[in-house]
Amino acid sequence: MPAKIQHASLYLVFCIAAYVLNFNRVALVLLTLRFVEEGLLHVCRLLYFAEKNAAANTGFRVWNVLFVGCRLASIIVAILTFHYGLATNDDQSLDTQTGNFNTPFIRLNALVAVCFIQAWMMWNFINFHLRRMRERQAEALAARKKASERKSKKGRKDD
């Protein structure tokens, strides 16, 4: 449960920050990328729970690729927007009355925040898959060990 609370809190903080700083359009693009990828994950989970394992496994493989692609696309969109796009704007002064927060300091912090959250998500993704790989290897090793013990017991009984 703490991981889900942390995830929801990060969503809330980033959405509020984007709204307050008037970065609504870039936030909409980034959230759309995230929700499309997350939607596919939930569809795959539903297929898995409905015992449609072949379709679920294929969907999970597609989701793995889409997850990494969305992380890269999010970083690219953030760099193009905050570093290149908004930097060309003539008015780069802080004006809270008109809602202009297009200053180099705020843009840099927004870019760093987006990059850090994408790196954190990739870190969790990689750790999840490494943990699953270790678990599967341990299960396969236990199964091989059990099978070899059965064979050795059969050989002893035959003698």
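The values are calculated or read from the model by the stated rules, or taken from the named source; none is laboratory data. What you see is a predicted model; the values in this text were computed from it and never measured. When we count neighbours, we look across all protein chains shown, and the Cβ atoms used for this are built from the backbone with ideal geometry, even at glycine. To get the accessible areas, we keep the full protein, side chains included, count just its heavy atoms, and leave off ligands, DNA and RNA. Shrake-Rupley method; radii C 1.70, N 1.55, O 1.52, S 1.80 Å.
From largest to smallest, the equivalent ellipsoid semi-axes obtained for the chain from the alpha-carbon gyration tensor read 49, 16, 13 Å. Considering all different alpha carbon pairs of the stretch 45-90, the Kirkwood hydrodynamic radius works out to 12.8 Å.
Dividing the Cα radius of gyration of the stretch 45-124 by 2.2 N^0.38 Å, with N the residue count, gives 1.62. Here the Karplus curve 6.51 cos²θ - 1.76 cosθ + 1.60, taken at θ = phi - 60°, turns the phi angles of the stretch 73-89 into couplings of 5, 5, 5, 5, 4, 5, 5, 4, 7, 6, 8, 9, x, 6, 5, 7, 5 Hz, with x standing for Gly and Pro. Short-range pairs are left out: with C-alpha atoms under 8 Å and at least six residues apart, the relative contact order of the chain is 17 percent.
For the chain, the longest principal axis of the alpha carbon atoms and the long axis of helix 2-20 meet at an angle near 20°. Solvent-accessible surface of the stretch 8-140, taken per residue with a 1.4 Å probe and all protein chains present: 66 Å².
Between the C-alpha center of the stretch 5-52 and that of the stretch 99-138 there is a gap of 13 Å. Charge dipole (Cα centre; +1 on Lys/Arg Cβ, -1 on Asp/Glu Cβ; no other charges) of the chain amounts to roughly 1600 debye. Between Asp95 and Ser9, the C-beta separation translates, for a Förster distance of 25 Å, into a calculated FRET efficiency of about 0.25.
Tell me, what % of the accessible area of the stretch 1-57 is carbon and sulfur with a 1.4 angstrom probe? With neighbouring chains kept in place, the figure for the stretch 1-57 is 72 percent. For Asn100, the residues whose modelled amide H falls within less than 5 Å of its own, excluding neighbours fewer than 5 places apart on the same chain, are Asp95. Could you name the lysines whose alpha carbon sits less than 28 Å from that of Lys154, not counting residues in the same chain fewer than 8 places away? Reachable lysines: Lys145, Lys146. All Cα-Cα distances of the stretch 1-88, cut into 5 Å bins from zero to the largest, leave 3, 13, 16, 19, 18, 13, 8, 5, 2, 1, 0 percent in each bin in turn.
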